[in-house]
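Quick note: the coordinates plus some simple rules give every number you see, no bench work behind them. Not measured: the values here are computed from a predicted model. Note that we place each Cβ from the backbone using ideal geometry, even for glycine, and neighbour counts take in every protein chain shown.
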Amino acid sequence: MPYLPTAVLALAGLVLLVLTLVRLVNGLGRVRAVLGTAKASFSDETGLLKARSAALRVAIAERKRSAGRVPSTRRMQTGGRP
């Protein structure tokens, strides 16, 4: 029976290993859930940023197109002088 203490120690080590692995897997599940939430939030904010930058490009393009035209009210204010 000299092998009995060794067997008990090995069994205790295996139990501790299994418990550690179970806790690790549960922790990874939580991390995966948090990462999924963060990714969704980041995706939403990135989409809003893309929409804002597109709107800004359109506004700049419209402003460039209308920059060459002078409205008639401005010419009347200065009496035609520069």
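Counting every pair of alpha carbons in region 4-68, the share spaced more than 18 Å apart comes to 69 percent.
The slack in the chain from residue 23 to residue 43, taken as 0.36 nm per residue of separation less the alpha-carbon distance, amounts to 4.2 nm. Think of each Lys and Arg Cβ as +1 and each Asp and Glu Cβ as -1; about the Cα centre, that makes the dipole of region 2-61 roughly 240 debye. I'd like to know which of 58, 7, 18 lies farthest towards the positive end of the charge dipole of region 4-68, counting +1 on Cβ of Lys and Arg and -1 on Cβ of Asp and Glu. Ranked along the dipole, the leading option is 58.
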